[in-house]
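Coordinate-derived values only; no laboratory data. Because the structure is a prediction, the values reported are computed rather than measured. Heads up, the Cβs are rebuilt from the backbone with ideal geometry, glycines too, and the neighbour counts pull from every protein chain shown.
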Amino acid sequence: MAADPEATQAPTPVEALEADFAPLDPARALEVYREVRAWVHAWSVPSQTPPNSTVHRAGLESGAVCVTLRFGGRVIGSAVGIGARDGTMRADAGEAVAEATRGALREASQFFGLKAGQTPPAADRVMVSVEFAGRFVPYLPASYDDADLEIPAGIEGIAVRAGERTRVVFPSMMLLFGAGSVDLGRPTGMSPGDALATGVGAVLEDPGTGMRLLAENNPQRMAKERGVTFYRFSVAHLASRTPGGDPEFLYRHGRVLHEREVTLETLRVWRDGLANHLLARVRTGADGVTMAGVYSPVSDTFAPRAELVEQGLAAWALGVTARQPGVDAELAARCAEAARGLVLDLSRREDAARRVERTPAAAAAFVLALSSAAPVDAERVKPARDAAMNSLRTVVERPEGAPSMLALVAYAVGREGARAGLPELRVRASGLLETIFRENPVEDLSSSMPWAALAAIDLPERDGTITSTPVLLDWRDLVMKNMMTPADAGPDAEDLVGGIVFPRSRAPLPSAQSVRVGLALAAMLADERLTLNNRVAPETARLVPLLRFVRQLMGDDAHAALFVDPERAKFGVRSALWDQRMTVEACAVTLVLLSDAIRGVERSAGGR
């Protein structure tokens, strides 16, 4: 019988590429994971793994594995095993799995202070994470900046090779890079471009060649003149949330949430959870109430003190939450008390470096906090309030600066005018707001959000109409066109769906900056003048993907293999899916976003 020509037909280039990126078969990955965990809990890896061992039958074509061990949430050992030894970068990975496990156990033994042959009594409480590399695919970016755009951070890994030296960086290694740094002002994590550049310095044994900012270190030149080969690869990542628990496949060290998880009830759960997360940063001591700053969940460290703007926005958000209908009475009381304490702390004049009038943004945040917090002792806050308002009046009279700052000032001055019964302040705020809308084209309005939209809602004409309604509606339609869709994201970025892409930004992928726009959109949805009754349902539907993305930014139980204290990090808003820092400002803005989204969705459900 003649052979079927289709049976022997060579794969198309697309089929070959898909095969290259295919990760390890899930069933085999589970088998290997369980064998690795058994080795870890026994604190011993066979000197030679039997040929019939699960790890030899796994079929890992790249021969690269990363094993990470945690105890009490902290990384105590991590190592990479590379089984490949030939130019194809393909080999049986049995020894690579054993090599990585041995390396991780050596580091963990140092952590426990063990001598050779000793086993820690808590070996069965060590949590295991295993990443299996797919086939190494040759890759040569035009620049390291292009690599940052083309390789999804936290999902794909990279490898660099020169001669006999190979450097492999797995996604978890990129996410955890710098996690122990005390400088919480800098992003945690390593971008794919950074990983490639430092890999070059490692394999060439010349740190200078790993400096990506130097033009002569361009990857194309490194490949041509220094014989460096670059690779990228997909991974199958398995880890358990608890010691001995069932392993789970992770996606960017977590899981992808679905739009069906966005409901009125879950929005309330997220709001309350985020409020509790912020409250946990509020500290009461002999000197009164203070607030911790940015939090790194991968190292479980806080900046000792929140910046003035951060603390003001936190007090504002907690005060807003305390007044929301449906919030549990006990939670509302705690939010109100914390907001009041934070306002009093900001009112203190002893430390000149922490006076609210130091910057217009800090003054505006303080005034917003005053507008939402429960009544406080007027005499105690008066000096700070007067100083803040003098600073803001200067900005109103000579509006210079970034649109976001000007819009924040307009909103704060308008709110203070309403609180203090000073209509002339609201007139001045309206004038500043008109300037913002007049001087910024609609495509640039996102830079002034959410404050421009909130101020517009708060400063209507005498008949209640919002003068800037046509502009805001045009802006909303434009922003929706910049929301990442499943088609935009593809399979390598499913968790980014719903995030906002800012075309003129240097950061091309959605991040926590989306929550600023999200608050403006949620406030517009909740307002009957900006979203008419017949538009509530369709606008709610358009907002749901963004709400999904906002929730994706929040820490949850799925990050148990990444965070030291998952419970402390729960509901905190990360700076980006690849930057785990949780800033006070992002959490505060998101908290108000969720409150407004709840009001908007209630309108859609008929509960107006």
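Working from Cα pairs under 8 Å separated by at least six residues, relative contact order for the chain is 13 percent. Length gained on full extension, Arg255 to Ala286, computed as 0.36 nm times the residue gap minus the Cα-Cα distance: 7.0 nm. Sorted ascending by nearby beta carbons within 10 Å, beginning with the fewest, Val501, Val409 become Val501, Val409.
Kirkwood hydrodynamic radius computed over segment 498-579 comes to 14.2 Å, based on all pairs of distinct alpha carbons. Relative to the dominant Cα principal axis of the chain, helix 192-203 is inclined by about 40°. Dipole of segment 215-272 computed with +1 at Lys/Arg Cβ and -1 at Asp/Glu Cβ about the Cα centre; of Ala236, Gly254, Pro219, farthest Cα towards the positive end is Pro219.
Using only DSSP helix segments of four residues or longer, with each worth -39500 (n - 2.57), what per-residue ellipticity at 222 nm results for the chain after dividing by its residue count and rounding to 500? The helix-only estimate for the chain comes to -14500 deg cm²/dmol at 222 nm.
Look at His41, His559, His258 and count the other Cβ atoms within 10 Å of each Cβ; fewest to most, that gives His258, His41, His559. Between Ala142 and Lys224, the simple spin-label model (points 7 angstrom out along Cα→Cβ) gives 1.5 nm. At the listed q of 0.14, 0.18, 0.20, 0.22 Å⁻¹, the Debye profile of segment 165-303, built from one uniform point per Cα, gives log10 I(q)/I(0) equal to -0.93, -1.16, -1.26, -1.33. Label separation (Arg529 vs Asp300): 5.0 nm, computed from points 7 Å beyond Cα along the C-beta direction. Packing around the peptides 394-401, 332-339, taken as the average count of other Cβ atoms within 10 Å per residue, puts them in this order, highest first: 332-339, 394-401. Dipole magnitude for segment 427-540: computed about the Cα centre from +1 point charges on Lys and Arg Cβ and -1 point charges on Asp and Glu Cβ, it is near 260 debye.
With the highest mean first, a sort of the peptides 232-239, 480-487, 363-370 on other beta-carbon atoms found within 10 angstrom per residue produces 363-370, 232-239, 480-487. Is the C-alpha gyration tensor of segment 325-482 telling us rounded, prolate or oblate? Criteria: a/c under 1.5 is rounded; beyond that, a/b larger than b/c is prolate, otherwise oblate. Since a/c reaches 1.5 and a/b is larger than b/c, the shape of segment 325-482 is classed as prolate. Length gained on full extension, Ala329 to Leu473: 48.2 nm, using 0.36 nm per residue less the C-alpha separation.
Counting beta carbons within 10 Å around each of Val32, Val97 and listing the fewest first gives the order Val32, Val97. Helix 94-112: angle to the longest alpha-carbon principal axis of the chain, degrees 0 to 90, nearest 10? Long axis of 94-112 versus the principal axis of the chain: about 60 degrees. For the chain, the Cβ-based charge dipole about the Cα centre amounts to some 1440 debye (Lys, Arg positive; Asp, Glu negative; other atoms uncharged).
Angle of helix 308-322 to the longest C-alpha principal axis of the chain, folded into 0 to 90 degrees and rounded to 10: 80°.
Rounded, prolate or oblate, given the Cα gyration tensor of segment 259-605, with a/c below 1.5 counting as rounded? Since a/c reaches 1.5 but b/c is at least a/b, the shape of segment 259-605 is classed as oblate.
Between Phe111 and Arg241, the FRET efficiency estimated from the beta carbon spacing at R0 = 25 angstrom works out to 0.75.
Ala541 to Glu567: extension gain in nm, 0.36 nm per residue of separation minus the Cα-Cα distance?
On the way: separation 26, 0.36 × 26 = 9.36 nm, distance 3.10 nm.
My answer for the length gained is 6.3 nm.
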